[in-house]
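The values are calculated or read from the model by the stated rules, or taken from the named source; none is laboratory data. As the structure is a prediction and not an experimental result, all values here were calculated from the model. Neighbour counts run over all protein chains shown; Cβ positions are idealised from the backbone, glycine included.
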Amino acid sequence: MHILITGGCGFVGSHLCRALKTRFPGYKITALDNLVRKGAELNVPLLQSMDIEIVQGDIRSREIFAKVNSFDVMIDAAAEPSVLAGTQGDHRYLIDNNFNGTLNCLDACTQNKARLIFISTSRVYPYASVNKLPFVEETTRYTFTPSAVEGYSEKGIAESFDTHGAKTFYGASKFASEVLIEEYRTALGLEAIINRCGIIAGPGQMGKVDQGVAVYWAAAHFWKKPLAYFGFNGSGKQVRDFLHIKDLAALIIRQIEDPYLFKDAYYQVGGGLRNTQSLLELTDICQRISQHKIPVGTRLENRSGDIRIYYSDNDLIEGRCGWKPTLGPEEILSDIFNWIHREEDKLRNVLI
């Protein structure tokens, strides 16, 4: 089998390349990447050492797929993941990459009669609707309270939660891609799985203030750089769930091995309630691991798209195949700190 991974030198893509090559050593694995994201170049030597082919190119160009030999499965992990793009970045680049690039991926899959595994996002759910859900304020976090809203429970947000409403340019571009995938399924017979991922974290992520918060928080503590709690009165009590990249890779392997168990559906794939952390709680973990206490300021105003609480209800995917996260926040942060310590010289100019 030949598996093509777009964004294959990025955080998610490179981990999937290595995990799949380890699990299926006889398969051909190809990483397609434009190598423009800072830090992506660090993954190239390791991938090459594992006999993973690297094709440098951009999914916004249809012609780039002519450089890839016929493939059986595509994992589309190429994306501009910033939720601030459009308000603090180039929204046209984001849409061109995340939507038009996916369109090219879909055509390439159709031409090759290949299956697609699409890495989507929890950001397809409108932030205003999520922020309207009832909650209480506790000592270190905000907590959801019961409500009869469809697709919402104490377990988190499920697939049936209403998707109508503004989602950020990032969320909208990924949701538009999901809609297009449905059309390709129906009209052209594309076989596709959509994974709506929450916050994915772990070693190898080049975290920034607008994406990759776990690594961004850990790096600031490691190098004793100041941080700030943004929005929600600067409380630091906003909550998200964290999914270790190893747990995502384990699910993707299952989806490669038994695609017909998952096909033609979309799934919530996040850390779930067990893996939730507020920024305050994230700070506490980082302080304990690093033994560094750094200044954390406050920014009272909310930024566009900020969410008070979000975590995924994974019941559908767990019921389908038994998958659930195995690694919690402490293990995720420990892995990140160990990676930064090992690669300190290489990462100093990338993460700070």
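All conditions in (1) at pLDDT 95 or above; (2) farther than 20 Å from Thr6 by Cβ hold for Glu154, with the sole exception of (1).
Among the residues in the range 66-77, are any free of Cβ contacts under 8 Å to residues at least 40 places away in the same chain and either in contact with a Phe, Trp or Tyr (Cβ under 9 Å, 6 or more places away or on another chain) or hydrophobic (A, V, I, L, M, F, W, C) (or both)? The answer is yes, given that some residue of the range 66-77 is free of Cβ contacts under 8 Å to residues at least 40 places away in the same chain and either in contact with a Phe, Trp or Tyr (Cβ under 9 Å, 6 or more places away or on another chain) or hydrophobic (A, V, I, L, M, F, W, C) (or both). On the stretch given as the range 95-137, residues that are farther than 17 Å from Lys174 by Cβ and either among the polar types (S, T, N, Q) or surrounded by fewer than 16 Cβ atoms within 10 Å (Cβ to Cβ) (or both) total 11.
Residues in the range 238-253 that are under 17 Å from Val213 (Cα atoms) and hydrophobic (A, V, I, L, M, F, W, C): 4 in all. The number of residues in the range 75-94 that are buried (at least 16 other Cβ atoms within 10 Å of the Cβ), among the acidic types (Asp, Glu) and modelled with pLDDT under 90 comes to 1.
Based on this model, can you work out whether Val44 counts as of a type outside the set (Phe, Trp, Tyr), under 21 Å from the mean Cα position of the chain (by Cα), crowded, with 16+ Cβ neighbours inside 10 Å and within 29 Å of Lys208 (Cβ to Cβ)? Taking the combined requirement at face value, the residue satisfies it.
Taking the conditions (1) of a type in the set (A, V, I, L, M); (2) within 22 Å of Ala201 (Cα to Cα); (3) over 16 Å from the mean Cα position of the chain (by Cα) in turn, Val73 satisfies each one other than (2). Among the conditions (1) surrounded by fewer than 23 Cβ atoms within 10 Å (Cβ to Cβ); (2) in contact with a helix residue (DSSP H, G or I) (Cβ under 6 Å, 6 or more places away or on another chain); (3) modelled with pLDDT of 95 or more, the only one that Ala192 does not satisfy is (1). Against the numbered list (1) surrounded by fewer than 24 Cβ atoms within 10 Å (Cβ to Cβ); (2) out of contact with any helix residue (DSSP H, G or I) (no Cβ under 8 Å at 6 or more places or on another chain), Asp72 comes up short only at (2). Please tell me if Ala218 is touching a residue at least 24 places away in the same chain (Cβ under 8 Å), in contact with a strand residue (DSSP E or B) (Cβ under 6 Å, 6 or more places away or on another chain) and either surrounded by 19 or more Cβ atoms within 10 Å (Cβ to Cβ) or among the β-branched types (Val, Ile, Thr) (or both). Spelling it out, it is not the case that Ala218 is touching a residue at least 24 places away in the same chain (Cβ under 8 Å), in contact with a strand residue (DSSP E or B) (Cβ under 6 Å, 6 or more places away or on another chain) and either surrounded by 19 or more Cβ atoms within 10 Å (Cβ to Cβ) or among the β-branched types (Val, Ile, Thr) (or both).
Listed by first and then second residue, the pairs linking a residue in the range 117-140 that is over 26 Å from Val12 (Cα atoms) and touching a residue at least 12 places away in the same chain (Cβ under 8 Å) to a residue that is assigned to a helix (DSSP H, G or I) and of a type in the set (A, V, I, L, M, F, W, C), with Cβ atoms under 6 Å apart and 6 or more places separating them unless they lie on different chains, are Thr140/Leu280.
For beta carbons closer than 7 Å, sequence separation of 6+ or different chains, a first residue in the range 178-199 that is in contact (Cβ under 8 Å) with a residue 12 or more places away in the chain and of a type in the set (Ser, Thr, Tyr) and a second that is buried (at least 17 other Cβ atoms within 10 Å of the Cβ) and part of a helix (DSSP H, G or I), the qualifying pairs are Tyr184/Leu106. Can you name the residue in the range 214-245 that is among the β-branched types (Val, Ile, Thr) and not in a strand (DSSP E or B) and, of all such residues, is nearest to Lys346 (Cα to Cα)? Taking the candidates together, the pick is Val215.
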